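Structure, as structure tokens:
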Amino acid sequence: YGDQALQTAKDAIQIFNQLYGRYPYEQFSVAAADFFIGGMEYPNLALIDQNLYREERKDTLEYVIVHEVAHQWWYGIVGNDQIREPWLDEALTEYATLLYYEKKYGQEVKDQIFEEMMVKSYQAYQEKVAKQAEEKPIYRSIKEFENGLEYQALVYHKGAMFLENLRRQLGDGTFFNVFKVYFDKYRYKNATTKDFLKICEQAANRDLKEIFREWIGYEEE
């Protein structure tokens, strides 16, 4: 499944080139490795769990590779503080993964993955948490999350849900323009949630602070 892995990465790069801005380097490597949590991004490189390279895991292999490729844009080219604001690269990357499926396979496939992998997973976590304590915000330091389950449910799943909601609020034209402007302005720099909000508001020509507060718990100081 090495050829499939490389073709997936190639397709993802082409899609993200069109959506966000061009990948600026001559090389990108996908390496099967003894890596136990699916995948990990590095600049120009994705390490992928070698156990995914088989027939019964090929769908997961595709998903993980696309996610790590998307990190080349959100973390690699446009940086951010991954300790203090982990949602900013992970949620953008998770939603970019959905966009890959939308552009390659169509709206129906994207909607199905969104419902199964994001919405239902988040709802299952929410039901569990509701019995114990009030849900905490997405916008906080990685050190403030209770465990990996909470981190994944909020940063990845609810983060993607936030971006889907933002897309519906802004419309596709404005929404996709946000990311092109964000990429162009902050490539080779570190951006913050405040920077992202500002670009969203400028593109939409409206105040979006309440949406950011409601969905991710971000309030400007």
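The values are calculated or read from the model by the stated rules, or taken from the named source; none is laboratory data. Quantities reported herein were computed from a predicted structural model and do not represent experimental measurements. Reconstructed Cβ throughout: ideal geometry from the backbone, glycine too, with neighbour counts over all protein chains shown. Note: areas computed on protein heavy atoms with side chains; ligands, DNA, RNA excluded. Shrake-Rupley method; radii C 1.70, N 1.55, O 1.52, S 1.80 Å.
When Lys and Arg each count +1 and Asp and Glu each count -1, what net charge do the other residues less than 14 Å away from Glu146, Cβ to Cβ, add up to? Neighbourhood net charge equals 0. Accessible surface calculations at 1.4 Å, restricted to protein heavy atoms, place the chain at 51 Å² per residue. When you filter the GluC sites (Glu not before Pro) in the range 102-141 for DSSP loop state and at most 13 other Cβ atoms inside 10 Å of their Cβ, you are left with Glu134. Counting only DSSP beta bridges with both residues in the range 1-102, the antiparallel share comes to about 40 percent.
Using every pair of distinct Cα positions in the range 159-221, the Kirkwood expression returns a hydrodynamic radius of 12.0 angstrom. Loop-resident chymotrypsin sites (Phe, Trp or Tyr not before Pro) (DSSP state other than H, G, I, E or B) in the range 7-69 with no more than 15 further Cβ atoms inside 10 Å of their Cβ: Tyr25, Phe36, Tyr53. FRET efficiency for the pair Asn44 and Arg84, taken as 1/(1 + (r/R0)^6) with r the Cβ-Cβ distance and R0 = 35 Å, rounds to 0.90.
The per residue volume of the convex hull around the alpha-carbon atoms of the chain is 126 Å³. At full extension, Glu116 and Phe35 could sit 26.6 nm farther apart than now, given 0.36 nm per residue minus the alpha carbon distance.
Here the spin labels are modelled as points 7 Å beyond Cα on the Cα-Cβ line, and at Gln107 and Arg22 they lie 3.1 nm apart. Extension gain for Lys194 to Glu134 (0.36 nm times residue separation, less C-alpha to C-alpha distance): 19.1 nm. Treating cross-link reach as a plain straight distance, find the lysines whose alpha-carbon is under 19 Å from the alpha-carbon of Lys104, omitting any fewer than eight places away in the same chain. Cross-link targets: Lys10, Lys58. For the range 184-189, putting each phi into the Karplus relation 6.51 cos²θ - 1.76 cosθ + 1.60 with θ = phi - 60° gives couplings of 5, 6, 10, 5, 6, 9 Hz, in residue order, rounded to whole numbers and with x for Gly and Pro. In summary, the lysines within cross-link reach of Lys128, defined as a Cα separation below 18 angstrom excluding same-chain residues under 8 places away, comprise Lys120, Lys136, Lys158. Accessible surface of the range 1-130, 1.4 Å probe: 48 percent of it comes from carbon and sulfur atoms. Just to verify a number: FRET efficiency for Asn177 and Glu214, C-beta to C-beta distance, R0 = 25 Å, to 0.05? After rounding to 0.05, the efficiency reads 0.65.
Would you mind finding the longest exposed-site-free stretch of the chain, with exposed trypsin sites (Lys or Arg not before Pro) meaning DSSP loop and at most 14 other Cβ atoms within 10 Å? Looking at the chain, 55-130 is the longest stretch - no exposed trypsin sites (Lys or Arg not before Pro) with at most 14 other Cβ atoms within 10 Å. Distance between the pseudo-spin-label points of Arg206 and Arg168 (7 Å out from Cα toward the beta carbon): 1.4 nm.
Taking N as the residue count of the range 1-73, its C-alpha radius of gyration divided by 2.2 N^0.38 Å amounts to 1.02. With Cα atoms as the point set, the range 79-186 shows a radius of gyration and Dmax of 14.5, 44 Å. Along the range 86-93 the Karplus relation, 6.51 cos²θ - 1.76 cosθ + 1.60 evaluated at θ = phi - 60°, assigns HN-Hα couplings of x, 4, 5, 8, 6, 5, 5, 5 Hz to successive residues, with x for each Gly and Pro. Our summary gives the chain a relative contact order of 21 percent, counting only alpha carbon pairs under 8 angstrom and 6 or more residues apart. When you filter the chymotrypsin sites (Phe, Trp or Tyr not before Pro) in the range 169-213 for DSSP loop state and at most 11 other Cβ atoms inside 10 Å of their Cβ, you are left with Tyr188.
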